[in-house]
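Taken together, the values in this text are just the output of simple stated rules run on the coordinates, not laboratory data. What you see is a predicted model; the values in this text were computed from it and never measured. With ideal geometry, Cβ positions are generated from the backbone for all residues, glycine too; neighbour counts draw on all protein chains shown.
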Amino acid sequence: MIEEIRKKNEKYDIQPVENESFSKYGRVIEEVSLPEMEKFVRSTDMPETEFYDPCTEVLMSMGKETDLIQNHIYGQIPCQIGYYNGRCDRLNAVEYHKCSEVLVLLEDAVLIVATITDIKDEMLDTAKMKYFYVQKGTCVELYATTLHWAPCAVGAEGVRQIVIQAKGTNT
């Protein structure tokens, strides 16, 4: 899949998220399986543009899967679990948080990232942004210093993802 994406986007250096160069922005968390949460998110509508719920009560009360996130993935820090469904196909904004953001991608996608140290004189040169292909089923932690936005869809199905952040973020 990454080779197809590279052919269609030749002007961008798209690397797999497992590439060592991603370590500046985040890390891949191995062997994360959230089948009940995935089932719930897949049962929700895919909008024409995008939908984001930063804290979804159903996801916050899924027993073992919620415990796995709260106690192991997010290190017992009070967190919220939400989801994003969308058809983002370009970078049109960036954000960062005072906490890590953990994403569980349910579709293949491309993350476009930079670091807050790339901001100079309150401006970001988007030529400094880096592109990383994330295969569906991958869990990625974006560090608090990472500028990012919604992952870009690589297929007609759009992007679905579980989003985990410190409690109160984006609310």
Checklist outcome for this item: Contact order relative to length for region 53-171, counting C-alpha pairs under 8 Å separated by 6 or more residues, stands in percent at 40
Checklist outcome for this item: The summed charge of the Met62 Cβ neighbourhood (under 11 Å; Lys/Arg +1, Asp/Glu -1) stands at -3
Checklist entry - Using alpha carbon centroids, what distance separates region 58-97 and region 22-37, in Å? => result 11
Next on the checklist: Could you work out the percent of alpha carbon pairs in region 1-148 separated by over 21 Å, rounded to a whole number?
Outcome noted: 48
Item to check | Gain on full stretching of the segment that runs from Trp149 to Thr49 - 0.36 nm per residue minus C-alpha separation | outcome: 34.6 nm
Checklist entry - In whole Å and largest first, what semi-axes does the C-alpha gyration tensor of region 73-155 yield when each eigenvalue is scaled by 5 and square-rooted? => result 21, 18, 10
